[in-house]
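Shown next, in structure tokens, is the structure this report addresses.
The values are calculated or read from the model by the stated rules, or taken from the named source; none is laboratory data. Note that the structure is predicted; figures quoted are calculated from it, not measured. Backbone-built Cβ (ideal geometry, glycine too); neighbour counts: all protein chains shown.
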Amino acid sequence: MPHPSNNRIDSASRVILASPKAIYQAFLDQEALSSWLPPKGMSARIDMFEPRQGGSYKLTLVYEADNSNPGKTSDHTDVSQGRFLELVPDTKIVLAGKFDSEDPAFAGEMIQTWYLEAVLEGTKVTIVCENVPEGIRKEDHDEGLGSTLENLAQFIEVQTG
């Protein structure tokens, strides 16, 4: 029986006090990415990282404390694998990823696009997630996206400030 397609789109944005180039570089640096990408309460391990169009990635997010929601891959982890669909320097990053999960609620490929737009105060960073798996609660996803943007702002503003 085919899994129904999910067309849910979640997004978040924030102005960050840095140039689009600095933010783009923070995304392409594996060590930097693993420090700012995980939402609050999680840490990240990047097992594969080929930041080029068509390149692959494998990311493990680890819940740092007891979490009321179990992880998608195991009780304490979310593992996702995917590829870089498009890299437009200092402008846009497009990823396609899937969670390693036995649960059909987390099945399917989510497309995540990061837009970097120069504004007077710095850069407006907008994340748009398409085909969000139905198992991800919208409130949790919104909170996680906001947390990631906050982490990026803190990371990049310390680096460039």
**Q.** Selection within segment 98-128 - under 21 Å from Ile23 (Cα atoms) and in contact with a Gly (Cβ under 9 Å, 6 or more places away or on another chain)
**A.** Ile111, Gln112
Q | Residues that are basic (Lys, Arg) and over 13 Å from Asn131 (Cβ atoms), drawn from segment 88-116 | A | Lys92
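If I ask for residues that are at pLDDT 60 or above and either farther than 16 Å from Glu31 by Cβ or of a type outside the set (Lys, Arg) (or both), which ones from segment 56-72 would you list? Give the steps one after another, and end with the answer.
If we filter segment 56-72 for residues that are at pLDDT 60 or above, which is where we start, we get 56-65.
Selection gives Ser56, Tyr57, Leu59, Thr60, Leu61, Val62, Tyr63, Glu64, Ala65.
Restricting to segment 101-113, name every residue that is buried (at least 16 other Cβ atoms within 10 Å of the Cβ) and either in contact (Cβ under 8 Å) with a residue 24 or more places away in the chain or hydroxyl-bearing (Ser, Thr, Tyr) (or both). Explain how you work it out, then say what you get.
Going residue by residue through segment 101-113, those that are buried (at least 16 other Cβ atoms within 10 Å of the Cβ) are 101, 106, 108, 110-113.
Across segment 101-113, the qualifying residues are Ser101, Phe106, Gly108, Ile111, Thr113.
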Q: Could you check Leu95 against (1) at pLDDT 95 or above; (2) of a type outside the set (Ser, Thr, Tyr); (3) farther than 19 Å from His141 by Cα and say which number it fails?
A: (3)
Q: Tell me, yes or no, whether segment 114-125 has at least one residue that is surrounded by fewer than 18 Cβ atoms within 10 Å (Cβ to Cβ), without any contact (Cβ under 8 Å) to a residue 60 or more places away in the chain and closer than 17 Å to Leu33 by Cβ.
A: no
**Q.** Pair list, Cβ < 8 Å and 6+ apart or interchain, from segment 12-23 residues that are free of Cβ contacts under 8 Å to residues at least 60 places away in the same chain and surrounded by fewer than 15 Cβ atoms within 10 Å (Cβ to Cβ) to residues that are of a type in the set (Val, Ile, Thr) and part of a loop (DSSP other than H, G, I, E, B)
**A.** none
Q) Can you spot a residue in segment 42-60 that is part of a helix (DSSP H, G or I) and of a type in the set (A, V, I, L, M, F, W, C)? A) no
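Among the residues of segment 83-116, write down those that are charged (D, E, K, R) and under 18 Å from Ile9 (Cα atoms).
Of everything in segment 83-116, those that are charged (D, E, K, R) and under 18 Å from Ile9 (Cα atoms) turn out to be Lys92, Lys98, Glu109.
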Q. Restricted to segment 117-161, and to residues that are under 14 Å from the mean Cα position of the chain (by Cα) and assigned to a strand (DSSP E or B), which residue is nearest to Asp78 (Cα to Cα)?
A. Cys129
